[in-house]
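K.L.:
First the structure, then my questions, so here it is.
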Amino acid sequence: MSYKNFKNNRRKDEYEKKIIDIARTARVVAGGRRFSFRVSAVAGNKKGEVGVGLGKAPDTSLAIEKAFKNAKKNMIKVNLTDKFSIPHAVEAKFASAKVIMMPSFGHGLVAGSSVRIVLEMAGIKRVNAKILSRSKNKLNNARAAILALTKLK
């Protein structure tokens, strides 16, 4: 098998990826400040699997790669109904972030911020979600959404 055939036969990655947040962090050392990047990302196959990951590195591309690898490692399976909704209302709290989700028919996906991205990546199409806390931390909101989805029966 030649290299050309191998390249064409490679399997396409089955997970879609989205970045929630990129933050530049700094630490002070003797010569000044050293900067690094923290990336929060969501990966999912839109068929009931979704995960949130975090990556840190001195370069953004490395941090993004690490975040997606971590998201795939922390993947959960979500119980969906046949209409791509959730079976019942659920709420969860992670750190100071609090999220509530309710099945909704006829309105589509109604959610804000990173909770919407998590639900889209899971393949959920008919849900009302509300972030009840005043937390603006996108990573904690996404992790609260994941926690809520794990509580589904």
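The values are calculated or read from the model by the stated rules, or taken from the named source; none is laboratory data. From a predicted model like this one, the values you see are computed outputs, not experimental measurements. Cβ: placed from backbone, ideal geometry, glycine included. Neighbour counts: every protein chain shown.
K.L.:
Taking only segment 82-105 into account, find how many residues are among the aromatic types (Phe, Trp, Tyr), within 20 Å of the chain's Cα centre (by Cα) and either outside the structural domain of LEU139 (by TED's automatic domain parsing) or under 13 Å from ILE124 (Cα atoms) (or both).
P.N.:
Adding up the residues that qualify gives 1.
K.L.:
Here's another thing I want to ask about it. Applying the selection to segment 127-153, what residues are surrounded by fewer than 22 Cβ atoms within 10 Å (Cβ to Cβ) and assigned to a strand (DSSP E or B)?
P.N.:
Correct list: ASN128, LYS130, ILE131.
K.L.:
I'm trying to understand the selection: among the residues of segment 24-72, which are closer than 15 Å to GLU14 by Cβ and more than 11 Å from the chain's Cα centre (by Cα)?
P.N.:
Of everything in segment 24-72, those that are closer than 15 Å to GLU14 by Cβ and more than 11 Å from the chain's Cα centre (by Cα) turn out to be ASN45, LYS46, LYS47, GLY48, LYS69.
K.L.:
Filter segment 38-87 down to the residues that are among the hydroxyl-bearing types (Ser, Thr, Tyr) and free of Cβ contacts under 8 Å to residues at least 40 places away in the same chain, then identify the one that is surrounded by the fewest Cβ atoms within 10 Å (Cβ to Cβ).
P.N.:
That would be SER61.
K.L.:
I've got another one for you. Collect the residues in segment 87-126 that are in a loop (DSSP other than H, G, I, E, B), hydrophobic (A, V, I, L, M, F, W, C) and touching a Lys or Arg at 6+ places or on another chain (Cβ under 7 Å), keeping them in residue-number order.
P.N.:
Of everything in segment 87-126, just one residue is in a loop (DSSP other than H, G, I, E, B), hydrophobic (A, V, I, L, M, F, W, C) and touching a Lys or Arg at 6+ places or on another chain (Cβ under 7 Å), namely PHE105.
K.L.:
I've got another one for you. As an exercise: evaluate ILE117 against (1) touching a residue at least 40 places away in the same chain (Cβ under 8 Å); (2) surrounded by fewer than 19 Cβ atoms within 10 Å (Cβ to Cβ) and give the number of the one condition it does not meet.
P.N.:
Here ILE117 meets the rest and fails (2).
K.L.:
Then there is this: Restricting attention to segment 41-63, which residues are basic (Lys, Arg) and in a loop (DSSP other than H, G, I, E, B)?
P.N.:
Passing the criteria: LYS46, LYS47.
K.L.:
Look through LYS66, LYS56 and report the one residue that is in contact with a helix residue (DSSP H, G or I) (Cβ under 9 Å, 6 or more places away or on another chain) and either outside the structural domain of ILE146 (by TED's automatic domain parsing) or within 19 Å of LEU139 (Cα to Cα) (or both).
P.N.:
LYS56
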